1. Would you pick out the residues in the stretch 159-200 that are of a type in the set (Gly, Ala, Ser), without any contact (Cβ under 8 Å) to a residue 60 or more places away in the chain and assigned to a helix (DSSP H, G or I)?
2. Please state which of the following conditions Leu245 fails to meet, knowing it meets all the rest: (1) open to solvent by less than 70 Å² (accessible area, probe 1.4 Å); (2) of a type in the set (A, V, I, L, M); (3) closer than 29 Å to Asn296 by Cβ.
3. Checking the conditions here, which among Ile223, Ile206 is β-branched (Val, Ile, Thr), in contact with a Leu (Cβ under 8 Å, 6 or more places away or on another chain) and under 30 Å from Ser148 (Cα atoms)?
4. Ala136 - would you say it is open to solvent by 10 Å² or more (accessible area, probe 1.4 Å), at pLDDT 95 or above and of a type outside the set (Asp, Glu)?
5. Can you find, within the stretch 248-278, the residue that is least open to solvent (accessible area, probe 1.4 Å) among those that are in contact (Cβ under 8 Å) with a residue 12 or more places away in the chain, outside any loop (DSSP other than H, G, I, E, B) and farther than 19 Å from Lys191 by Cβ?
6. Run down Ala281, Ala231 and say which single residue is more than 17 Å from Gly195 (Cα to Cα), over 40 Å from the mean Cα position of the chain (by Cα) and open to solvent by 20 Å² or more (accessible area, probe 1.4 Å).
7. Which is open to solvent by less than 70 Å² (accessible area, probe 1.4 Å) and modelled with pLDDT under 85, of Ala147, Ala122?
8. Would you check which residues across the stretch 201-228 are open to solvent by 40 Å² or more (accessible area, probe 1.4 Å), charged (D, E, K, R) and in a strand (DSSP E or B) and list them?
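The values are calculated or read from the model by the stated rules, or taken from the named source; none is laboratory data. This structure is a prediction, so every number in the text was calculated from the model and none was measured. Cβ sites come from the backbone with ideal geometry, for glycine too, and all protein chains shown count toward neighbours. Each accessible area value is taken on the protein alone, full model and side chains, heavy atoms only, with ligands, DNA and RNA left out. Shrake-Rupley method; radii C 1.70, N 1.55, O 1.52, S 1.80 Å.
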Amino acid sequence: MPTQIFLRQAAQGQATPIPDATGPDAKAAALADPQSDRPEEDEVPDDQAALQLEEAEAEAELAGDPAARPVQPGSAGTPKDPFDTTIVGVTPVLPETSALASAITPRPRARPAEVVQTARAAMSARRSGAVCGDLAIQGVAIGRVSASIAACGVAEAVRVSSVSGVALSTHAVMDCGTARALKAWVDGGLKPAVGSYGGGVRELSIAAHYICRPRNNRKGAKISEHGKGRAVDISGIKLVDGKELNVLKDWRRGREGRMLVRAHAAACGPFGTVLGPEANALHRDHFHFDTARYRNGSYCR
């Protein structure tokens, strides 16, 4: 009988019992056959059978073949679950979790009450000072501005004190269209042109805003856009560190002059009319911006 079949039958209790070598029948057979005292090839002593059984089980475990594993007494023939506590005799310890614990995530520390109150007060003040429906445009709504000359005046005027955090040296009167154009220029043209130089832009030096007068102060000329609340003149840009980019002194001179040139060019678009030192002698010391619109687009000199 092959060894593996014998081992499997021995484990299942089906193998043919090995005859007792000490009985009377065995002694008589030994006298008749001198070779009978040697175990046959399929007859293995008990200690060797146990050893071979253990080796076969180990080989089956390494081979990973469940069918080849000797069946353990009392089992249903299926491999043992290594995590079955009835087998290993140890209760596994799992991390404690709960719906509440999993729902809680780390949060930043709460801000001090003073900081919160200060921030709320600043936001409240900013909202109360906003005009033209834009928090970035700070000032006061002053309503209708009348004039003795019919062509002058502003229907819904505002007095602007700052745009996008940049103060105006003089609180300028204008309409909301001009205020929005000024904000667009500060955000998209002036600030990028200056960058972080001198700490950035702090204030606009206002040379003129609303005033009822003819263009270029010439008698008989049409009313200037200043007289309609649609224009603002800027003579310089003050920086955080105290420096000033002066239109008259710095235009096209050095680094500051290049910044002024870029800022002037960037106004063409947000404003309909853009004039500077190269437009004529009347504008050599300031920029003139207004929101007049023309069929051919913005007029920029």
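1. The initial filter retains those residues of the stretch 159-200 that are of a type in the set (Gly, Ala, Ser), namely 161-162, 164-165, 167, 169, 172, 177, 179, 181, 184, 188-189, 193, 195-196, 198-200.
Next cut, without any contact (Cβ under 8 Å) to a residue 60 or more places away in the chain only: 161-162, 164-165, 167, 179, 195-196, 198-200.
The answer is Ala179, Gly198, Gly199.
2. Every listed condition holds for Leu245 apart from (3).
3. Going through Ile223, Ile206 in turn, the sole match is Ile206.
4. Numbers: open to solvent by 10 Å² or more (accessible area, probe 1.4 Å): yes; at pLDDT 95 or above: yes; of a type outside the set (Asp, Glu): yes.
Answer is yes for this residue.
5. Thr273
6. Values: Ala231 fails: open to solvent by 20 Å² or more (accessible area, probe 1.4 Å).
It is Ala281.
7. Numbers: Ala147 fails: modelled with pLDDT under 85.
Of the residues listed, the single one that is open to solvent by less than 70 Å² (accessible area, probe 1.4 Å) and modelled with pLDDT under 85 is Ala122.
8. Passing the criteria: only Arg202.
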